[in-house]
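The structure appears below as structure tokens.
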Amino acid sequence: IVVAWKAFAATDAGQNFKGNFALKVPIFGNLNVKTTAATFSRTFATLLSSGIPMIDAVEQTANVIKNKIVRDKLKDCKVQVSRGVPLSKPIKDMDIFPLMLPQMMHIGEETGNIEDMMEKVADFYEDEVDLATDAIASAMEPLIIVVLAVVVGGIVVAVYSPILNMYDAVDNY
């Protein structure tokens with residue numbers, strides 16, 4: 001099963017499936033979206049502040065993103081930006097990132113200070129990812145305790161069962 005999954009994940013269809021699943025899975029999908037938004041914002045801000053032209057910055061940022069769905073849509077954004085469309089419009093039309101990201105990007109484009117806006121967005125989403133990770137970990141603690149109790153109980157039963165069987169066998173003689 002693992003080998004089949006690896007082979008499937010290496011194909012384009014597998015990467016598309018994995019990308020869609022990562023963005024839409026119930027609890028972790030929101031976390032993946034926020035992580036991707038933070039990565040996009042931080043990388044994009046860093047590239048722009050270092051003097052990279054916006055079109056090249058979008059392409060390089062797309063290459064950094066691991067999710068194939070987001071990466072392909074960002075490359076489509078690059079094409080639209082090269083036609084003169086403000087980047088905030090295709091980012092909003094992607095309908096992947098939270099609405100705050102394209103809105104802040106639009107404000108940055110209007111004020112001419114997109115690098116600082118994207119850094120603020122990156123800081124915000126990095127904090128959101130930390131909070132979401134802590135919340136998930138806190139929610140999983142009781143489940144982990146129950147699983148460990150079942151495992152330890154199973155080991156205790158497995159160890160004492162033969163001992164009790166031997167005592168029963170000795171009593172029968």
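When the residues of the range 71-98 are filtered to those that are under 20 Å from residue 24 (Cβ atoms) and basic (Lys, Arg), which remaining residue is farthest from the chain's Cα centre (by Cα)? Taking the candidates together, the pick is 92.
Residue count for the range 33-59, restricted to those that are closer than 25 Å to residue 133 by Cα and either buried (at least 20 other Cβ atoms within 10 Å of the Cβ) or β-branched (Val, Ile, Thr) (or both): 13. Residue 30 satisfies every condition listed in (1) open to solvent by 70 Å² or more (accessible area, probe 1.4 Å); (2) part of a helix (DSSP H, G or I); (3) free of Cβ contacts under 8 Å to residues at least 40 places away in the same chain except (3).
Among residues of the range 1-13 that are without any contact (Cβ under 8 Å) to a residue 24 or more places away in the chain and under 24 Å from residue 72 (Cβ atoms), those with a beta-carbon under 6 Å from a residue that is of a type outside the set (Phe, Trp, Tyr) and in a helix (DSSP H, G or I) at least six positions away or on a different chain give the pairs 8/14; 9/18.
Within the range 65-173, considering only helices (runs of 4 or more DSSP H) that don't extend past its boundaries, which have at least 3 residues that are at pLDDT 90 or above, β-branched (Val, Ile, Thr) and open to solvent by less than 90 Å² (accessible area, probe 1.4 Å)? Break it down stepwise before answering.
Values: elements: 68-82, 88-94, 100-111, 114-172.
Result: 68-82, 114-172.
Selection of the range 34-64 for residues being not in a helix (DSSP H, G or I) and not small (Gly, Ala, Ser) yields 52, 53.
The values are calculated or read from the model by the stated rules, or taken from the named source; none is laboratory data. Everything numeric here is computed off the predicted structure, so don't read it as measured data. In this analysis, Cβ positions are derived from the backbone assuming ideal geometry, glycine residues included, and neighbour counts consider all displayed protein chains. Please note that ligands, DNA and RNA were not included when accessible areas were found on the heavy atoms of the full protein model with its side chains. Shrake-Rupley method; radii C 1.70, N 1.55, O 1.52, S 1.80 Å.
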